[in-house]
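One structure is given below, encoded as structure tokens.
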Amino acid sequence: MSQTQGEKPNVLLIEPDVAMGRLIALGLQHQGYHVITVSFPAAVSLAVARTVDLLILDVDGGIRTDSSALESIYSHPRFADLPLVVLSWDDSIVQQAPISVPALPAAGAAEIQPIYLPKPFDARVLHEAIGQLLLSQAARSPETEERAEELLLAAYPTHSTPSIWPVVTAAGLFLVVVGMLAQYLVALIGVLIVLAALLLWLLDVKPAPRIAEAL
């Protein structure tokens, strides 16, 4: 598998219907997966193929993909060992394998059976199938429990650590308010001093002596 510890699982979605592809991708991204969407298998570059942990293929003969796409997936050296979910309107394709989610194989198992889902499908069933396939893939390695836990944890939406910037912003606003209040207080003290000085000045002024009038 291409995934390393702490990274989200990479899901390659081969979906010829653009609208359907967007809906599926949004649902998977909400579940915590990183989704790469293409319209047909030939559009997948080798560099992208090397990063994929799971493949979803919509086999729809009415648009641009048919059962031959499924054959090309099985014959691709990189995709042959990947967990696979196949979506299709075609009952003959869906009936090739059970729809239910498979149980985890024993460590070192040689093959993981793909899951076939008929369209329309329940998104919750698709998400459950993807989670179980990723765990099954992890179970093939010697570090079964560790890899399974990594995949399961990485599949959940991650939450960033609390940021200190709201606290810093609040502290800055507090200092601004304190500074403004201090300025008003200093100005008020200055006004009171001026008023007191004027009052004392007026009280201290003595009337000028009057000149005695001549008799």
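The values are calculated or read from the model by the stated rules, or taken from the named source; none is laboratory data. Everything numeric here is computed off the predicted structure, so don't read it as measured data. In this analysis, Cβ positions are derived from the backbone assuming ideal geometry, glycine residues included, and neighbour counts consider all displayed protein chains.
Is it the case, given these coordinates, that residue 133 is surrounded by 10 or more Cβ atoms within 10 Å (Cβ to Cβ) and modelled with pLDDT of 85 or more?
Yes: the conditions hold for residue 133.
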Quiz item: If you check 188, 199, 181, 192, which single one turns out to be over 57 Å from the mean Cα position of the chain (by Cα), at pLDDT 90 or above, surrounded by 10 or more Cβ atoms within 10 Å (Cβ to Cβ) and not aromatic (Phe, Trp, Tyr)?
Solution: 192
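Regarding residue 128, is this residue at negative phi and at pLDDT below 85?
no
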